[in-house]
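Have a look at the structure below before the remarks.
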Amino acid sequence: MNTSAKAQTRPASRPRLSEFLQLHAEDILLAWDEFAATVSHEGKALDAVALRDHAAEILKTIAADLAQPQSSAQQDAKGKGQGPRSSGLPTPAETHADFRMVAGFAVDAMITEYRALRASVLKIWGQHGGGTEPDDLTDLTRFNEAIDQAIAESVSRYTRQTSSAMELFIGILGHDIRNPLGTILMSAAVLQRTGQLTPAAAAPINNAAMRIKSIVEQVVDFTRAQADGVMPIERTPGDLAEQVSKVVQETQVRHPVRDIVLDTSGDFTGSWDEGRIGQLTSNLLANALLYGTRDGPVTVKMWSSPAGVSLSVHNHGRPIPKGERERIFRPLERGWQQRAEGESRETTGLGLGLYICREIVQSHGGQLHLESTEEGGTTFTATLPRHAQAIAAPARAKSA
């Protein structure tokens, strides 16, 4: 009743915000166009039609929402990004997210567009006397809620589409690259067994294929860990020493001139993802062989306690500076020696090896420690519980 009385005293030149959005849609959309054209992105250049894409529908949806009555429960739902949907079809905000993703807009650039839309509406509304009537505050509050709802829909859609793209990427790497690599390795083995290829000639083929395989696996694991927040593992009962021993033997075959020592003492039965622990061991060995002294041994030790087991990989060589000891666990960080002193050493990966090591250990509920001194050399030590525990996703701050 009070709202009706206020509406009667409102000047005819000052409509409610819902009507104003429809009357001045073109001015608002022109402001959207001007701003969208200034957004920096790495995608393709967009023409005027593409820049505007679904802005008109978004504005129309907001205007229609403002014109409808709203209960307290509906207002609370919008505040949580759970506004009503008129159908099972994508909303204009969701469709806008699809188009912006394809065009190469980052999610923060898309959010900035909504901020510009909000600012444009309020600026033009103020220029026409909006905000001076008692019920304008209600309209303004609901307008902001509607913009926030549109942002939530766009970001949620963008995130889901990104996740789908990641899964597709993983599928391509996992199937379309691993399979041909397996064929290369199998063919090289057959040619070597039949005498058509000497061991010396087969070695570069095997080494190159294994390096590509390692890079593929690292990218797949990194993508999954980033998408899920934790490295996926599948525990099975087994003796961890057997798996580690296999990895050490395989590594020794690939590096026949290096001295790799395995020292085990204790009980290593438990429940583990043996494939992941093998990957952990392989990555730590690769790091030790790359950065350790060429004439010094690389030592793998295993010992146990009633609660779990410990695995360490040690090498002699220049210590890792204190300022680098957290950095080296971050993704895409590699070659601290190159950064520090300009050394030229061949790297075999993308700087994901130690990041993946930490993720594997944390996914098992364990911890990965580093000690590095001039006198004692460098030692990475993983402590692992024997059985599954309730594990929270590791903080991304450690690897961001």
Open item on the list: Within the range 188-198, take every residue that is in a helix (DSSP H, G or I) and among the hydrophobic types (A, V, I, L, M, F, W, C) and give me the one that is surrounded by the fewest Cβ atoms within 10 Å (Cβ to Cβ).
Closed with: VAL190
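Given the criteria surrounded by fewer than 20 Cβ atoms within 10 Å (Cβ to Cβ) and under 20 Å from ALA36 (Cβ atoms), does GLN127 qualify?
no
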Open item on the list: Checking ALA201 against (1) part of a helix (DSSP H, G or I); (2) at pLDDT below 85, only one condition comes out false. Which one?
Closed with: (2)
TODO: Could you grab me the full set of residues in the range 171-180 that are in contact with a helix residue (DSSP H, G or I) (Cβ under 7 Å, 6 or more places away or on another chain) and either of a type in the set (S, T, N, Q) or modelled with pLDDT of 80 or more (or both)?
DONE: none
- [ ] Collect the residues in the range 265-302 that are over 24 Å from the mean Cα position of the chain (by Cα), assigned to a loop (DSSP other than H, G, I, E, B) and buried (at least 18 other Cβ atoms within 10 Å of the Cβ), keeping them in residue-number order.
- [x] PHE268, GLY292
Open item on the list: Yes or no: the range 282-298 includes at least one residue that is touching a residue at least 24 places away in the same chain (Cβ under 8 Å), among the β-branched types (Val, Ile, Thr) and more than 23 Å from GLU217 (Cα to Cα).
Closed with: yes
Open item on the list: Take the conditions modelled with pLDDT of 85 or more, polar (S, T, N, Q) and over 27 Å from ARG294 (Cα atoms) and apply them to THR236. Does it pass?
Closed with: yes
Open item on the list: If a residue counts only when it is out of contact with any Lys or Arg (no Cβ under 7 Å at 6 or more places or on another chain) and at pLDDT 80 or above, which helices (runs of 4 or more DSSP H) contained entirely in the range 1-94 have at least 3 such residues?
Closed with: 17-23, 25-36, 55-66
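Under 24 Å from GLU19 (Cα atoms), basic (Lys, Arg) and modelled with pLDDT of 85 or more: does that describe ARG142? Steps first, please.
Details: under 24 Å from GLU19 (Cα atoms): yes; basic (Lys, Arg): yes; modelled with pLDDT of 85 or more: yes.
It is true that ARG142 is under 24 Å from GLU19 (Cα atoms), basic (Lys, Arg) and modelled with pLDDT of 85 or more.
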Open item on the list: Step by step: first the residues of the range 236-264, then only those that are outside any helix (DSSP H, G or I) and β-branched (Val, Ile, Thr), then the one that is nearest to GLU274 (Cα to Cα). Which residue is that?
Closed with: THR236
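The values are calculated or read from the model by the stated rules, or taken from the named source; none is laboratory data. Values in this document were obtained by computation on a predicted structure and should not be read as measured data. A quick note on method: Cβ atoms are made from the backbone with ideal geometry, for glycine too, and the neighbour counts reach across all protein chains shown.
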